[in-house]
């Protein structure tokens with residue numbers, strides 16, 4: 001038995017998934033099962049009650065989990081402290097991000113970070129909002145990047161920017177001739193939007209409701225790229241972060257219109273699990289997010 005085995009056991013207990021535990025630790029699902037069997041033989045106890053529908057730690061399994069968490073955390077703190085003493089910024093960092101941030105907001109930050117720390121390997125995964133939260137909570141990734149972060153007792157939130165929201169439409173749409181528009185003029189318009197459970201969509205709907213604007217959603221998508229394609233073919237108008245459409249505006253495949261009714265911003269932030277030890281690499285990456293222009 002070693003610390004890596006205890007860490008894998010904690011990852012399994014946290015994710016309640018042999019597949020995810022294998023993914024986090026870079027081993028096969030079969031290897032996870034074998035290590036659990038080895039732990040049960042070592043402690044002469046059943047640690048996990050396995051069934052197709054339920055995953056539950058036994059009383060002995062919970063005790064092992066509690067102490068294993070303490071052991072692995074001390075190990076992480078020790079490794080982090082030794083790196084700090086050596087003033088060493090190297091290793092890997094795994095980031096899960098929603099599509100709009102990953103494709104349009106993150107690249108300049110990555111470029112700056114890699115220029116300053118060329119020995120660090122940054123692995124970025126593109127996910128839906130819910131998947132990013134699940135990856136962070138399940139310790140599959142080090143950091144998550146999301147919009148409209150919601151307070152959670154288990155998460156730390158690090159704001160690092162905000163996007164201006166703009167109206168976009170096909171270049172031949174009547175709105176394309178305007179430089180700015182009041183939200184009330186959107187009433188009755190056919191709208192292409194994000195899926196209803198996505199935070200950006202909820203924020204947009206909240207603003208529209210405040211101004212008593214009723215639109216007709218004709219298409220809904222879970223990512224910004226597909227949404228933009230729909231607007232490009234004239235399926236309807238949309239409200240999106242300005243940074244996500246700069247290329248299409250320059251190429252004149254889309255037109256953007258400023259919203260006159262005050263300033264409408266989308267906040268973006270990095271999130272990580274409070275119980276997670278921040279390595280020097282993670283600290284430096286968060287500093288880059290907060291300081292880069």
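The values are calculated or read from the model by the stated rules, or taken from the named source; none is laboratory data. A quick note: this is a predicted structure, and the numbers were derived from the prediction, not measured. Cβ coordinates were reconstructed from backbone atoms using ideal geometry, including for glycine residues, and neighbour counts include every protein chain displayed.
State whether one or more residues within the range 252-274 are more than 16 Å from residue 166 (Cβ to Cβ), surrounded by fewer than 16 Cβ atoms within 10 Å (Cβ to Cβ) and either touching a residue at least 60 places away in the same chain (Cβ under 8 Å) or assigned by TED's automatic domain parsing to the domain that holds residue 141 (or both). Yes, the range 252-274 contains at least one residue that is more than 16 Å from residue 166 (Cβ to Cβ), surrounded by fewer than 16 Cβ atoms within 10 Å (Cβ to Cβ) and either touching a residue at least 60 places away in the same chain (Cβ under 8 Å) or assigned by TED's automatic domain parsing to the domain that holds residue 141 (or both). Screening 149, 159 for residues that are surrounded by 14 or more Cβ atoms within 10 Å (Cβ to Cβ) and either in contact (Cβ under 8 Å) with a residue 40 or more places away in the chain or in contact with a strand residue (DSSP E or B) (Cβ under 9 Å, 6 or more places away or on another chain) (or both) leaves exactly one candidate, 149. Taking residue 89 and the conditions (1) assigned to a helix (DSSP H, G or I); (2) out of contact with any strand residue (DSSP E or B) (no Cβ under 6 Å at 6 or more places or on another chain); (3) closer than 23 Å to residue 273 by Cβ, which numbered condition does it fall short on, given that it satisfies the others? For residue 89, the exception is condition (1). Can you tell me which residues in the range 6-23 are part of a helix (DSSP H, G or I), in contact (Cβ under 8 Å) with a residue 24 or more places away in the chain and either surrounded by fewer than 17 Cβ atoms within 10 Å (Cβ to Cβ) or within 25 Å of the chain's Cα centre (by Cα) (or both)? Within the range 6-23, 7, 8, 9, 10, 11, 12, 13, 14, 15, 20, 23 meet the criteria. Look at residue 105 and say whether it is under 30 Å from residue 243 (Cβ atoms) and not assigned by TED's automatic domain parsing to the domain that holds residue 221. Yes: the conditions hold for residue 105. Here residue 169 fulfils each of the conditions (1) crowded, with 18+ Cβ neighbours inside 10 Å; (2) closer than 17 Å to residue 245 by Cα; (3) within 26 Å of the chain's Cα centre (by Cα) apart from (3).
When residue 167 is evaluated against the numbered criteria (1) in contact with a strand residue (DSSP E or B) (Cβ under 9 Å, 6 or more places away or on another chain); (2) at pLDDT below 95; (3) outside any helix (DSSP H, G or I), which criterion, by number, is the only one it fails? Of everything listed in (1) in contact with a strand residue (DSSP E or B) (Cβ under 9 Å, 6 or more places away or on another chain); (2) at pLDDT below 95; (3) outside any helix (DSSP H, G or I), residue 167 misses just condition (2). Here residue 69 meets the list (1) surrounded by fewer than 19 Cβ atoms within 10 Å (Cβ to Cβ); (2) modelled with pLDDT of 90 or more; (3) touching a helix residue (DSSP H, G or I) at 6+ places or on another chain (Cβ under 9 Å) almost entirely, failing just condition (2). If you go through the range 24-39 and keep only what is assigned to a helix (DSSP H, G or I) and touching a helix residue (DSSP H, G or I) at 6+ places or on another chain (Cβ under 8 Å), you end up with 24, 25, 29, 31, 32, 33, 35, 36, 38, 39. Between 61, 26, the distinction of being touching a residue at least 12 places away in the same chain (Cβ under 8 Å) and not assigned by TED's automatic domain parsing to the domain that holds residue 282 belongs to 61 only. Of all residues assigned to the range 218-229, at least one qualifies as being surrounded by fewer than 20 Cβ atoms within 10 Å (Cβ to Cβ), in contact (Cβ under 8 Å) with a residue 24 or more places away in the chain, within 30 Å of residue 18 (Cα to Cα) and touching a strand residue (DSSP E or B) at 6+ places or on another chain (Cβ under 9 Å). Cβ separations smaller than 6 Å between residues 6+ apart or across chains give the following pairs from the range 40-52 residues that are within 13 Å of residue 64 (Cα to Cα) to residues that are surrounded by fewer than 14 Cβ atoms within 10 Å (Cβ to Cβ): 42/1. For the range 1-23, residues that are within 20 Å of residue 74 (Cβ to Cβ) and touching a helix residue (DSSP H, G or I) at 6+ places or on another chain (Cβ under 6 Å) total 11. The residue that is modelled with the lowest pLDDT, among those in the range 277-291 that are within 23 Å of residue 74 (Cβ to Cβ) and more than 16 Å from the chain's Cα centre (by Cα), is 277.
For the range 118-133, the criterion of being in a strand (DSSP E or B) and under 18 Å from residue 7 (Cβ atoms) is satisfied by no residue at all.
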